[in-house]
Amino acid sequence: MSERIATVSRDTKETQITVTVNLDGEGNLACDTGVPFLDHMLDQVARHGLIDLEIKATGDLHIDDHHTVEDLGITLGQAFARAIGDKLGIYRYGHAYVPLDEALSRVVIDFSGRAGLHMNVDFTRATIGTLDTQLFWEFFQGFVNHAQVTLHIDNLKGFNAHHQAETIFKAFGRALRMAVAEDPRMTGRMPSTKGCL
């Protein structure tokens with residue numbers, strides 16, 4: 001099995017971000033974004049996705065968290081696209097239901113080559129820690145656009161906003177883990193009747 005590792009850097013007037021992703025990792029995270037709750041959520045993705053992530057982000061947090069969160073989604077999506085390569089032999093689809101106490105979320109992903117985000121989440125609070133909950137949509141939109149995936153995120157239950165977010169990111173990690181896994185029955189084959197993704 002060839003290594004599925006990629007490093008991508010993004011340098012703008014608003015943010016400087018470097019992401020390294022290993023799709024066949026052990027769930028390790030080395031992360032410093034300057035946004036503590038985002039770091040906590042990325043830890044869920046790594047741990048539950050068994051994906052190693054190294055993330056260094058510096059952004060204009062004196063303005064707000066928006067540019068850092070959005071640009072991190074973009075850079076992470078680019079790193080995934082590069083690491084997954086031609087997509088030959090992968091499962092392609094992944095899904096997960098994850099509960100945390102009263103909260104329950106479902107995430108479904110397709111490495112389709114087409115960007116589409118469908119997110120149905122009514123957060124019960126406007127902020128978690130210092131993070132604006134609207135920015136989760138920006139993060140996932142950036143990821144979807146640059147990983148070229150279709151992503152459905154539904155929070156089915158929950159009244160604690162921290163739990164809502166955590167179930168989403170844990171389910172996202174589990175869905176990624178399933179989708180990028182190599183299917184031994186599809187070795188060397190494209191998981192599409194079109195012959196490309």
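The values are calculated or read from the model by the stated rules, or taken from the named source; none is laboratory data. From a predicted model like this one, the values you see are computed outputs, not experimental measurements. We place every Cβ from the backbone using ideal geometry, glycine too, and count neighbours over all the protein chains shown.
Note on region 46-64: among residues that are touching a residue at least 40 places away in the same chain (Cβ under 8 Å) and surrounded by 22 or more Cβ atoms within 10 Å (Cβ to Cβ), the one that is farthest from Phe136 (Cα to Cα) is Ile51. For region 108-145, the set of residues classified as closer than 17 Å to Val19 by Cβ and within 11 Å of the chain's Cα centre (by Cα) consists of Phe139, Phe140, Gln141, Gly142, Phe143, Val144, listed by residue number.
As a summary of the residue check, Tyr93 satisfies the conditions (1) buried (at least 18 other Cβ atoms within 10 Å of the Cβ); (2) touching a strand residue (DSSP E or B) at 6+ places or on another chain (Cβ under 7 Å) except for the one numbered (1). Applying the criterion of being within 17 Å of Gly113 (Cα to Cα) and free of Cβ contacts under 8 Å to residues at least 40 places away in the same chain to the residues of region 162-195, the residue that is surrounded by the fewest Cβ atoms within 10 Å (Cβ to Cβ) is Thr193. For region 165-185, filtered to residues that are charged (D, E, K, R) and out of contact with any His (no Cβ under 6 Å at 6 or more places or on another chain), the residue that is nearest to Gln44 (Cα to Cα) is Glu166. For region 97-109, indicate whether the set of residues that are of a type in the set (Phe, Trp, Tyr), modelled with pLDDT of 95 or more and outside any strand (DSSP E or B) is non-empty. Taking every residue of region 97-109 in turn, none turns out to be of a type in the set (Phe, Trp, Tyr), modelled with pLDDT of 95 or more and outside any strand (DSSP E or B).
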